[in-house]
Amino acid sequence: MLEIVECPECAAPAEVVDRFMLDSTDGAIEHATVLCVLRHRFTMLVERLVSTRGR
C-alpha cells in the first residue's frame, strides 16, 4: 500500500519505500526510509513521520 508522508527537509510529498526494525538497548525500534518528489532520501524513526492524510 502506498504511504505518503511529508519530507522532513522540504515538506514536499514523500513515499515510505521501506519499513524495518533496528535493535537498540531498549529493544527493537521501527524505522522507515522515505523518498520525496525532490529526491531527498531519509531513514528515520517511524514515530517521527508526518502523515499527509487528511490535509
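The values are calculated or read from the model by the stated rules, or taken from the named source; none is laboratory data. This is a predicted model, so every value here is computed, not measured. Positions of Cβ are backbone-derived with ideal geometry, glycine not excepted, and every protein chain shown enters the neighbour counts. Heavy atoms of the whole protein, side chains included, go into the accessibility calculation; ligands, DNA and RNA do not. Shrake-Rupley method; radii C 1.70, N 1.55, O 1.52, S 1.80 Å.
Quickly run through region 29-52 and pick out the residues that are assigned to a loop (DSSP other than H, G, I, E, B) and open to solvent by 60 Å² or more (accessible area, probe 1.4 Å).
First, the residues of region 29-52 that are assigned to a loop (DSSP other than H, G, I, E, B): 37-40, 49-50, 52.
If the condition is that a residue be assigned to a loop (DSSP other than H, G, I, E, B) and open to solvent by 60 Å² or more (accessible area, probe 1.4 Å), then 37, 38, 39 are the ones that fit.
Check region 8-18 and report whether any residue there is in a loop (DSSP other than H, G, I, E, B) and loosely packed, with under 11 Cβ neighbours inside 10 Å.
No; the residues of region 8-18 include none that is in a loop (DSSP other than H, G, I, E, B) and loosely packed, with under 11 Cβ neighbours inside 10 Å.
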